[in-house]
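Please read the structure below before turning to the comments.
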Amino acid sequence: MSEEPIVLRQYEDAHAAAVARMWEESRDGWPPGFLGATEMTAQSVSREERLSGKLFTMLAFDGERVVGYNRVEPYGGESDAAYVALLNVVTDMHGRKIGKRLLLDGVERVTQAGYYRLDLHTWPANMKAVPLYKKTGFFWVPETTVYMQNYMPFVLGRPE
């Protein structure tokens with residue numbers, strides 16, 4: 001951990017190797033099999049970013065190390081909604097508000113892009129993340145496993 005503050009930067013292909021290292025460092029924080037059985041490489045990260053259809057991917061840096069990731073995509077079939085496709089903070093950096101910064105940055109970017117809503121899903125065993133989502137404006141959609149919506153982009157986008 002460096003003494004420098006955590007800095008958010010938009011993903012560029014030059015970051016692919018550092019992102020691959022972040023995913024490898026994060027395997028123990030995900031359900032078995034989620035990241036697949038193969039090793040993440042700069043090439044696989046670069047390919048995934050190219051093919052994702054993303055609106056943006058933001059990275060959190062601790063010095064030169066990528067410690068957080070947030071990819072937001074259009075939400076299929078809903079022209080006014082965007083979707084947090086993948087959010088991650090390396091396990092040894094949990095509790096440092098990196099996930100919160102990434103989510104709030106995502107809300108701001110989605111608002112600026114003219115979307116009214118930002119949605120996300122998580123897996124049912126990831127209950128430690130739900131308080132973070134609630135603190136950043138998401139609410140649990142009733143009668144779903146863990147599907148959450150955030151209408152702050154609509155509120156923040158209002159002229160009044």
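Data for the structure
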{"item": "Qualifying residue in segment 93-115 (condition: at positive phi and basic (Lys, Arg))", "result": "yes"}
{"item": "Subset of segment 41-59 [in a loop (DSSP other than H, G, I, E, B) and in contact with a strand residue (DSSP E or B) (Cβ under 7 Å, 6 or more places away or on another chain)]", "result": "SER52, GLY53, LYS54, LEU55"}
{"item": "Residue within segment 30-40 that is over 13 Å from the mean Cα position of the chain (by Cα), surrounded by fewer than 16 Cβ atoms within 10 Å (Cβ to Cβ), not aromatic (Phe, Trp, Tyr) and not in a loop (DSSP other than H, G, I, E, B) present", "result": "no"}
{"item": "The one condition in (1) within 15 Å of the chain's Cα centre (by Cα); (2) closer than 29 Å to ARG21 by Cα that PRO131 fails to fulfil", "result": "(1)"}
{"item": "Subset of segment 104-160 that is in a helix (DSSP H, G or I) and aromatic (Phe, Trp, Tyr) - its residue that is nearest to VAL90 (Cα to Cα)", "result": "TYR133"}
{"item": "Search result, residues across segment 60-103 that are of a type in the set (A, V, I, L, M, F, W, C), assigned to a strand (DSSP E or B) and under 21 Å from LYS128 (Cβ atoms)", "result": "ALA60, VAL67, VAL84, ALA85, LEU86, LEU87, VAL89"}
{"item": "In segment 42-80, the residues that are touching a residue at least 40 places away in the same chain (Cβ under 8 Å) and hydrophobic (A, V, I, L, M, F, W, C)", "result": "LEU55, PHE56, MET58, LEU59, ALA60, PHE61, VAL66, VAL67, VAL72"}
{"item": "Any hit, segment 139-154, residues being at pLDDT 90 or above, polar (S, T, N, Q) and crowded, with 19+ Cβ neighbours inside 10 Å", "result": "no"}
{"item": "Selection within segment 13-26 - loosely packed, with under 14 Cβ neighbours inside 10 Å and either under 14 Å from HIS94 (Cα atoms) or not aliphatic (A, V, I, L, M) (or both)", "result": "ASP13, GLU24"}
{"item": "Test: residue in segment 125-135 that is of a type in the set (Lys, Arg), free of Cβ contacts under 8 Å to residues at least 60 places away in the same chain, within 20 Å of ARG9 (Cα to Cα) and in contact with a Lys or Arg (Cβ under 7 Å, 6 or more places away or on another chain)", "result": "no"}
{"item": "Segment 96-126, residues that are open to solvent by 80 Å² or more (accessible area, probe 1.4 Å) and within 21 Å of ARG27 (Cβ to Cβ)", "result": "ARG96, HIS121, ALA125"}
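The values are calculated or read from the model by the stated rules, or taken from the named source; none is laboratory data. All figures in this text were calculated on a predicted structure; none of them were measured in a lab. All Cβ positions, glycine included, derive from the backbone under ideal geometry; neighbour counts span all protein chains shown. For the accessible areas, the whole protein counts, side chains as well, though only heavy atoms, and no ligand, DNA or RNA atoms are used. Shrake-Rupley method; radii C 1.70, N 1.55, O 1.52, S 1.80 Å.
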